Structure formats: C-alpha cells, structure tokens
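One structure is given below, encoded as structure tokens.
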Amino acid sequence: VQLQASGGGSVQAGGSLRLSCVASGRIFSMNLMGWYRQAPGKQRELVATIASLGNTNYADSVKGRFTIFRDNAKITVYLQMNSLKPEDTAVYYCNYNSLGSNYWGQGTLVTVSS
C-alpha cells in the first residue's frame, strides 16, 4: 500500500487547511485510515482516525476544530483543520491499517504562526 499526502503549508493562527491522502495498491474494503502528527522534539501522536464504515475518533486537542472524512470510491482520506493554533504545528502523517498491516505516508508539514 502506498500513501500520498498533500495539503500542508503555512497559515496564521485561526486559519484553515485541508490535508488529503490517497491510498493505492492492495486495498482491502475494511480498513482504518487516519492522521497522526509529530511536532519537533515530541513523539508521534494520534490526530484522528476513520474506519471504512465511517466511525471516527479524535484526539481531545483537536475535537471541535478538525474533521476527518473519507471518499471510499477514491480511497482518499481528508483532514479539515479549522481554528488552527501554533501548537498544531507538526509534520502530519497519513496512516492506513488493515488486517494487522500498518502503512505510513511521507508526511506533510503544517506550520501555524501566531
């Protein structure tokens, strides 16, 4: 499975960005896709996940500001990020998990300035 993420960039606090991640390869219909992030000097952490049937899970720090959604026909997962804060600055990684196999995208940098 290959994951191609896009949509990162620089924005001022309070702004919005949308990340996209397209999956290709041997894709199974039942899967979990999501976004994780890693800030400088910190461990990678969960941002949000969405199952193929639409169940979502969010980190407390992004609830009410970020929305994860997916297009199963395009095998694409999105992360709409609103009301961005400087503490959201990180490299964001797309993740695909199915049948015990875990795959990561290349990461896309999000920088939020105050």
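The values are calculated or read from the model by the stated rules, or taken from the named source; none is laboratory data. Here the structure is a predicted model, which is why all the values come from computation and not from measurement. Every residue, glycine as well, gets a Cβ built from its backbone with ideal geometry; the counts of neighbours run over all protein chains shown. Just so you know, the surface numbers come from the protein's heavy atoms only, side chains and all, with ligands and any DNA or RNA stripped out. Shrake-Rupley method; radii C 1.70, N 1.55, O 1.52, S 1.80 Å.
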>> Could you go through the range 78-101 and let me know if any residue there is of a type in the set (Lys, Arg) and closer than 23 Å to Met30 by Cα.
In response: no
>> If Arg70 satisfies all but one of (1) outside any strand (DSSP E or B); (2) among the basic types (Lys, Arg); (3) crowded, with 16+ Cβ neighbours inside 10 Å, what's the number of the condition it fails?
In response: (1)
> Looking at the range 58-86, which of its residues are within 14 Å of Tyr36 (Cα to Cα) and touching a residue at least 12 places away in the same chain (Cβ under 8 Å)?
Replying inline: Ala59, Ser61, Val62, Phe66, Thr67, Ile68, Val77, Tyr78, Leu79, Gln80, Met81
>> Take the conditions open to solvent by 40 Å² or more (accessible area, probe 1.4 Å) and under 15 Å from the mean Cα position of the chain (by Cα) and apply them to Asn97. Does it pass?
In response: yes
> Can you tell me which residues in the range 1-57 are of a type outside the set (Lys, Arg), farther than 19 Å from Phe69 by Cα, in a loop (DSSP other than H, G, I, E, B) and open to solvent by 80 Å² or more (accessible area, probe 1.4 Å)?
Replying inline: Pro40, Gly41, Gln43
